[in-house]
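Engineer: The structure is given below, and queries will be raised subsequently.
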Amino acid sequence: MKQRLENVSTVEEEVGLLNDIAWEYYYQNFDSAMYYTNLALAKSDELEDEYWQSVSLEMKAILMEMSGQYEEAISLYLEVIPLRQKAGGEGLENTYNNMAALFQNQQNYETSLIYFKKSLKIEEERNNQNGIAACLINLGISYKNLGKLDTAGVLFRKANKLSEAIRDSVLIVHSSLSLGDFFYQENKSDSATYFYEVARDKGLIINDLNSVGVALQGLGNLTMKEGKLEQALDYLNQAEVYLNTVKSFLGLSNVYFNKAKLLKASGQYQEASTYYDKYIALNDSLRTMEILRLTADMEQKYESERKERQITELELQAAEQELRDRANRARLSYVVVLALLFLFLGGFYAYRYRTQRKNSLILSQKNKTIEIALKDKEVLLREIHHRVKNNLQVVSSLLSIQGREIEDAKALEAVKESQNRVKSMALIHQYLYGEHDLKSINMQEYVSQLSQNLFDTYRLDRDLVELKLEIETVHLDVDTAVPVGIILNELITNSLKYAFPEGQGGLLEVSLFEKDNCLVLIVKDNGIGQSTGKHSGTNFGMKLIRAFEHKLGAAIEIASENGYQVTCKISKYKRIWLEDIAS
């Protein structure tokens, strides 16, 4: 690949080769991998190609994760996601999967589920059966670690069935291992044995020696649990061979511990002691590796405390050397192990405390910024509603001035009605910029105010015409409240104008409530009904009401027995709940 790099003809080819070389160095030489990744990043930026920028950044994120710089890795993955989206989404499912695996390794299973599900969604949209099966296995592992065994079992079964259908041996092995572990935890020996044996046999065919070793270890644990010590020892001996071949130290540690337990139960104390010593030595090595990794991680994150951490690292190295010496001389490593453990826990809690304080400060600053921005937004919204209300009042005043010069009674009445419609809309914006919330209109208050305004406009004797309001405490958004307000204005105006001739009294009822997923509006009077032909629905007001039928998904019913009643059932409306208003 390096030879090909010297003879590339395009920048795209060069970036692709640089990423390939970085990947080849991934397990062998971290510094070389990072060197070629940075070259690829520089070239992809020069090329201004979003796809190659995303590939190079993701390679760097993988390297950061490998070196224990998890926060930096997550930040890089978050940069990769929008780049892949802009480039058409190619490879986005792998990015989500890598992020999920990172969170899973950190034992942050809730967050890992979020990103595994995102990856699964893309795989399903593309009908990639292999990708779907792999995602189902990963999701099952996270659910199992969260203690949700029923959900995990369903996912493992689906993954195994799909893997069998597409004949993918690798996925069959992994899903079978997961089912073996699941049934082992559920104490279903026969099922666990079956799936462990499938994983072992398929793993041997595809030369997946690590999975073979894990499956044999599972069979050994299962038979030991059943009291079949000789058969269990045979399985564990085989597992030891395969896990040692692939240098799976964690797997070997479990095998050594179980063999020591088994040999002790069989009365073979000398051999049991030998394997227990192996377990202790390997466990010490694993702890040492973890301590070194965590130390390196903290060193990169907190350079300002480099000297203090260097001292700690030297102390750890000295303690580790003492542990090895004492283990070789007198097998007294337990004391040092405990000391190291307490030292690590102290460092971990100190780091966690500093991180929490730092995050708390950052969060506090962000909250203040957001609070200021929200207050500015609220002021702007109130100003907008105030100006809209003022503009509507100017229109109303212009109509009033115009009306003074009109002598024709019908024209004057039309201007007066238009003025009332404008006032009904202005009243909504008045509520919005006042001390009420900016999201919704309290219809109980609004209908009451609108009705009083219309009574004042037509100067009806309150002793003759009684107004009865039955309004639920319903908050509506502006897009619903404006047409509902206009409809109310027309219906109340209609009744006030025509239902009660001069000197005649009666009752005007206005109701607003929710029923069967509809907002029901009823305006009813016990006046003269349609006898005069005035309540006909052919006037401009009724036409205006009909115009809002489609927008509100409304069904309008008119009845004229014992007066005049209009019932409007609105299906397209948005109610704002009190908890939403509070937020």
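Engineer: On the given criteria, is E472 under 19 Å from K524 (Cα atoms), within 38 Å of the chain's Cα centre (by Cα), surrounded by fewer than 21 Cβ atoms within 10 Å (Cβ to Cβ) and modelled with pLDDT of 85 or more?
Structural biologist: yes
Engineer: Then there's this: Filter the range 48-61 down to the residues that are among the charged types (D, E, K, R) and either touching a strand residue (DSSP E or B) at 6+ places or on another chain (Cβ under 6 Å) or surrounded by fewer than 20 Cβ atoms within 10 Å (Cβ to Cβ) (or both) and list them by number.
Structural biologist: Result: E48, D49, E50.
Engineer: Another question about this same structure. Which of the residues spanning the range 247-277 are at pLDDT 80 or above, open to solvent by 60 Å² or more (accessible area, probe 1.4 Å) and in contact with a Leu (Cβ under 8 Å, 6 or more places away or on another chain)?
Structural biologist: Correct list: A265, Y269, E271.
Engineer: Just one of the numbered conditions (1) more than 37 Å from the chain's Cα centre (by Cα); (2) at pLDDT below 85 is not true of Y235; which one?
Structural biologist: The number of the failed condition is (2).
Engineer: Which of the residues spanning the range 229-255 are within 22 Å of E320 (Cα to Cα) and touching an Asp or Glu at 6+ places or on another chain (Cβ under 8 Å)?
Structural biologist: L252
Engineer: Return the only residue of S191, S163, S169 being under 23 Å from S112 (Cβ atoms), modelled with pLDDT of 90 or more and not charged (D, E, K, R).
Structural biologist: Matching residue, one of S191, S163, S169: S163.
Engineer: On to the next question. Select from the range 9-31 the residues that are open to solvent by 40 Å² or more (accessible area, probe 1.4 Å) and hydrophobic (A, V, I, L, M, F, W, C) and write down the one among them that is farthest from D45 (Cα to Cα).
Structural biologist: Checking each candidate, the answer is F30.
Engineer: For the range 147-196, which residues satisfy the criterion of being among the polar types (S, T, N, Q) and not in a helix (DSSP H, G or I)?
Structural biologist: Within the range 147-196, the first condition is being among the polar types (S, T, N, Q), and the residues that meet it are 151, 160, 163, 169, 175-176, 178, 185, 187, 189, 191, 193.
Across the range 147-196, the qualifying residue is only N187.
Engineer: Still on this structure, please answer the following. Please go through the range 242-278 and give me each residue that is under 44 Å from the mean Cα position of the chain (by Cα), in a helix (DSSP H, G or I) and of a type outside the set (G, A, S), ordered by number.
Structural biologist: Y242, L243, N244, T245, F249, L250, L252, N254, V255, Y256, F257, N258
Engineer: Restricting the range 76-107 to residues that are open to solvent by less than 60 Å² (accessible area, probe 1.4 Å) and polar (S, T, N, Q), which is nearest to V15 (Cα to Cα)?
Structural biologist: T95
Engineer: Assuming A165 fulfils every condition listed in (1) surrounded by fewer than 20 Cβ atoms within 10 Å (Cβ to Cβ); (2) farther than 18 Å from C135 by Cβ; (3) aliphatic (A, V, I, L, M) apart from one, which condition is it?
Structural biologist: (2) is the only condition that A165 fails.
Each row is one residue, and each column tells you yes or no for (1) within 18 Å of A101 (Cβ to Cβ); (2) under 27 Å from the mean Cα position of the chain (by Cα); (3) in contact (Cβ under 8 Å) with a residue 60 or more places away in the chain; (4) open to solvent by 50 Å² or more (accessible area, probe 1.4 Å).
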{"position": "N127", "(1), (2), (3), (4)": "no, yes, no, yes"}
{"position": "A133", "(1), (2), (3), (4)": "yes, yes, no, no"}
{"position": "S169", "(1), (2), (3), (4)": "no, no, no, no"}
{"position": "H174", "(1), (2), (3), (4)": "yes, no, no, yes"}
{"position": "G180", "(1), (2), (3), (4)": "no, no, no, no"}
{"position": "F183", "(1), (2), (3), (4)": "no, no, no, no"}
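Engineer: Tell me, which residue of the range 394-444 that is in a loop (DSSP other than H, G, I, E, B) and acidic (D, E) is modelled with the lowest pLDDT?
Structural biologist: E435
Engineer: Please go through (1) of a type outside the set (S, T, N, Q); (2) open to solvent by 30 Å² or more (accessible area, probe 1.4 Å); (3) under 21 Å from the mean Cα position of the chain (by Cα) for D45 and return the number of the only condition it doesn't satisfy.
Structural biologist: (3)
The values are calculated or read from the model by the stated rules, or taken from the named source; none is laboratory data. Keep in mind the model is a prediction, meaning the values are calculated, not measured. With ideal geometry, Cβ positions are generated from the backbone for all residues, glycine too; neighbour counts draw on all protein chains shown. Side chains included, ligands, DNA and RNA excluded: accessible areas come from the protein's heavy atoms. Shrake-Rupley method; radii C 1.70, N 1.55, O 1.52, S 1.80 Å.
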